[in-house]
Amino acid sequence: MTEITVDLYSDTVSRPTRAMRQAIAEAEVGNEQAFDDPTVNRLVAMTAELLGTEDAVFLPSGTMCNQIAFRVHCKPGDEIILDKTAHPLNSEAGGPAALSSCATRPLDGVRGIFSGEQVREAISDPGRRHAPRSRVLSVENTANSGGGAIWSLERVREVTDVARAHGLATHMDGARLLNAVVETGTPAADYGACFDSLWIDLSKGLGCPVGGLLAGSKDFIHEAWFYKQNMGGAMRQAGIIAAAGVYALEHNIDRLADDHANARRLAERIAGIDGLELLYDEIETNMVYFDVAGLNLTAAQTRDRLLEHGVHIGASGQTLMRAVTHLDVDAAGIETAADALEAVAGTV
């Protein structure tokens, strides 16, 4: 099998740099569950300051961040309003139903972004006992299935104002929030001010091996800790992995702009290859979705042919592919990937 030299399958394949590994090796550790791990405590404080919240909690994954937030906000029979493409609805193994006994109401947004009026229309009449009770509005920023589309602060305020006026809690799935922050220049805390809970992922563009941080008020985080324990998430000497997060927040945020530039360059090259069609003309952050139907190949077949060139791009549908840029792929790697796509297109 040909060695993969350029991996654009996802930003989750990013690996710790030598400097990050050094930070991990030198980490001070303690009992995280007893709040005695100094490195975890530092990471939590940094995150709360970044997001403008009172507190935060370090968790093994972003999916756990979403699911614990829903557990805190919801009672059985409640309803979560979110986009039809949202990660908790499509990629978390039915977590809202299995863990919180909640229904979900999907909205038909544009590139994963919906309007305040759509939220207003979706909210159940609290006096109607036959319907689930609308309890949480969830926003995913950036919107993965929308091609890494960015929620503007104005639109975020629009939808969360409607939710709060109707007594709903507000939650942000901020797996790639910092991509939005870097691209728009909007401070993360300005987004954070709109939500009762939100989180950031460490294991995507920030390059850490594992983890996410869920943030909110002190009361919210107190409850979140209960469900962290309930779900088996105590991590003991977690400073070993928290050190990677500290390093990432200090060194790897601003460089996300490089990933966005590389994604745009890849899109430029794809636009010039016969048989390939960009799904979205505007590349807002680090994702490039494109269709290969014009090659008379499936996405899986195209993926396999690219692998023969040492390039890995994920098949996201029958003929749809997704390339995600990250810190392990530089500008030269983008040209290699584009050359491989050109070569595959030239053989069909």
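Read the figures in this text as sums done on the coordinates, not as results from a lab. Source: prediction; values computed, not measured. For neighbour counting, all protein chains shown are included, and Cβ atoms are generated from backbone atoms with ideal geometry for every residue, glycine included.
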Task: Relative contact order, percent, the chain [alpha-carbon distance under 8 Å, six or more residues apart] - done: 25
TODO: Measure nothing but the geometry: give the 0 to 90° angle between the long axis through the Cα atoms of 331-345 and the longest principal axis through the Cα atoms of the chain, rounded to 10°.
DONE: 60
Task: Formal net charge of residues neighbouring ASP108 (Cβ-Cβ distance under 15 Å; K, R +1; D, E -1) - done: 0
- [ ] Could you compute the FRET efficiency for SER101 and ALA34, with r as their C-beta to C-beta distance and R0 at 22 Å, rounded to 0.05?
- [x] 0.10
- [ ] With only Lys, Arg, Asp and Glu charged, each at its Cβ (+1 for the first two, -1 for the last two), find how big the charge dipole of the chain is about the Cα centre; round to the nearest 20 debye.
- [x] 1020
Open item on the list: Can you bin every Cα-Cα distance in region 255-345 into 5 Å intervals starting at zero and give me the percent of pairs per bin, rounded to whole numbers?
Closed with: 3, 16, 28, 28, 17, 6, 1, 0
- [ ] Tally the DSSP beta bridges in region 37-161 and give the antiparallel ones as a percent, rounded to 5.
- [x] 20
- [ ] Report the full-extension gain for the segment ASP304 to SER61: residue separation times 0.36 nm, less the Cα-Cα distance, to one decimal in nm.
- [x] 84.5 nm
Task: Separation of alpha-carbon centers, region 176-228 and region 27-96, rounded to whole Å - done: 8
Open item on the list: Test of the criteria: in region 279-330, which GluC sites (Glu not before Pro) are in a DSSP loop and have at most 16 other Cβ atoms within 10 angstrom of their Cβ?
Closed with: GLU282, GLU308
Open item on the list: Suppose we keep just the DSSP beta bridges with both residues in region 18-251; what percent of those would be antiparallel, to 5?
Closed with: 45
TODO: Principal axes first, then extents: for the Cα atoms of region 147-273, list largest minus smallest coordinate on each axis, whole Å, largest first.
DONE: 52, 42, 25
Task: Residue order, fewest to most beta carbons within 10 Å, for LEU320, LEU8 - done: LEU320, LEU8
Open item on the list: I'd like the Kirkwood hydrodynamic radius of region 12-109, using the inverse of the mean 1/r over distinct C-alpha pairs, in Å.
Closed with: 16.0
Open item on the list: Shape verdict for the chain, please, from the Cα gyration tensor: rounded (a/c under 1.5), prolate (a/b greater than b/c) or oblate.
Closed with: oblate
- [ ] Mind giving me the FRET efficiency for ARG15 and ASP108? R0 is 30 Å, r the Cβ-Cβ distance, nearest 0.05 is fine.
- [x] 0.20
TODO: Count the net charge of all other residues whose Cβ sits under 13 Å from the Cβ of ALA243, scoring Lys and Arg as +1 and Asp and Glu as -1.
DONE: -3
Task: Relative exposure of CYS208, CYS194, CYS65, judged by other C-beta atoms within 10 Å (fewest first) - done: CYS194, CYS208, CYS65
Task: Alpha-carbon centroids, region 122-152 and region 279-336: separation in whole Å - done: 30
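What FRET efficiency, computed as 1/(1 + (r/R0)^6) with R0 = 22 Å and r the Cβ-Cβ distance, is obtained for ALA193 and GLU117, rounded to the nearest 0.05?
Working from the Cβ atoms, E equals 0.50.
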- [ ] Let me know the charge dipole size of region 255-345 about its Cα centre in debye, to the nearest 20, where only the beta-carbon of Lys, Arg (+1) and Asp, Glu (-1) is charged.
- [x] 180
TODO: Counting other Cβ atoms within 10 Å, keep those with at most 11, restrict to DSSP loop, and tell me which GluC sites (Glu not before Pro) in region 49-87 are left.
DONE: none
Open item on the list: Around GLY275, under 12 Å between beta carbons, what's the net of Lys plus Arg minus Asp minus Glu among the other residues?
Closed with: -4
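Return the loop-located chymotrypsin sites (Phe, Trp or Tyr not before Pro) in region 1-95 (DSSP other than H, G, I, E, B) with at most 10 other Cβ atoms within 10 Å of their own Cβ; answer none if there are none.
When the chymotrypsin sites (Phe, Trp or Tyr not before Pro) of region 1-95 are filtered for loop state and at most 10 Cβ neighbours within 10 Å, nothing remains.
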Open item on the list: Which one, GLY232, GLY192, ASN41, is farthest towards the positive end of the dipole of region 18-251 when Lys and Arg carry +1 and Asp and Glu -1 on their Cβ?
Closed with: GLY232
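Order these by the 10 Å Cβ neighbour count, fewest first: VAL324, VAL210.
Least crowded to most crowded, the residues run VAL210, VAL324.
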